[in-house]
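The values are calculated or read from the model by the stated rules, or taken from the named source; none is laboratory data. Quick caveat, the model's predicted, so the values are computed rather than measured. Every residue, glycine among them, receives a Cβ derived from its backbone with ideal geometry; neighbour counts consider all protein chains shown.
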Amino acid sequence: MRIPAYTSQDFVNALQGLLPPGSVWPRDQDSVLTATLRGLAPTFERQASRARNLLIDANPATTVELLPEWEETLGLPDPCAGTSPTIQQRRAQVVARFANSGGQSIRYFINFAADLGYTISTREFAPFRCGQSAVGDPVGGEDWAYTWAIVAPLNSPVYFSAGQSAAGEALAAWQNQVLECELRRVKPAHTILQFFYL
């Protein structure tokens, strides 16, 4: 459903419709009363516009003005985002934390990374076991039972996008710092997480 956009004239018409009938309350376009209503209408138009923006900002995926409030609610910004993250990166981090319901499955980590704006895969390891491991498999100790890796592109650029980015931001940002920091934060505590970049 489209959000209606009301003009000043819409508010003048609405206010005139609320007036009681009678010659004391003229609805002529050149009357003093209509001129007064026309002077009040821009305020109502601005308020209606702000209300429309609130509907957009209430969603963490489209927020702009309420982004600092969303970040504060979710414990952001934190060192994960670096020194000057873009609006898109900040918004993606808010969405990822807001939508994070927890989990330990591979699908959970892939979806969490996708919410952050990264495409990843995972790799699991196992210690070498005589009779179970194949010839040529790496020999590793018991820690390999708790080791897993995230495989991601070396560069995961976030490009400037009209309507999503702010004036003055870089045209592209390349960093996997947010991916590493956020996944280290949500990984199971008993595991060892590695990152492989291709």
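One residue stands out in segment 163-180 among those that are among the polar types (S, T, N, Q) and assigned to a loop (DSSP other than H, G, I, E, B): the one that is nearest to LEU193 (Cα to Cα), namely ASN176. Each residue in segment 105-129 was checked for being in contact (Cβ under 8 Å) with a residue 40 or more places away in the chain, under 24 Å from PRO79 (Cβ atoms) and either more than 17 Å from the chain's Cα centre (by Cα) or not assigned by TED's automatic domain parsing to the domain that holds LEU179 (or both), and 2 of them qualify.
Could you list, in sequence order, the residues of segment 1-33 that are of a type in the set (A, V, I, L, M), surrounded by 13 or more Cβ atoms within 10 Å (Cβ to Cβ) and not in a helix (DSSP H, G or I)? The one that is of a type in the set (A, V, I, L, M), surrounded by 13 or more Cβ atoms within 10 Å (Cβ to Cβ) and not in a helix (DSSP H, G or I): LEU19. Of the listed requirements (1) modelled with pLDDT under 90; (2) assigned to a helix (DSSP H, G or I), LEU183 misses just one: (1). Restricting attention to segment 65-81, the residues that are under 27 Å from GLU180 (Cβ atoms) and exposed (fewer than 14 other Cβ atoms within 10 Å of the Cβ) total 6.
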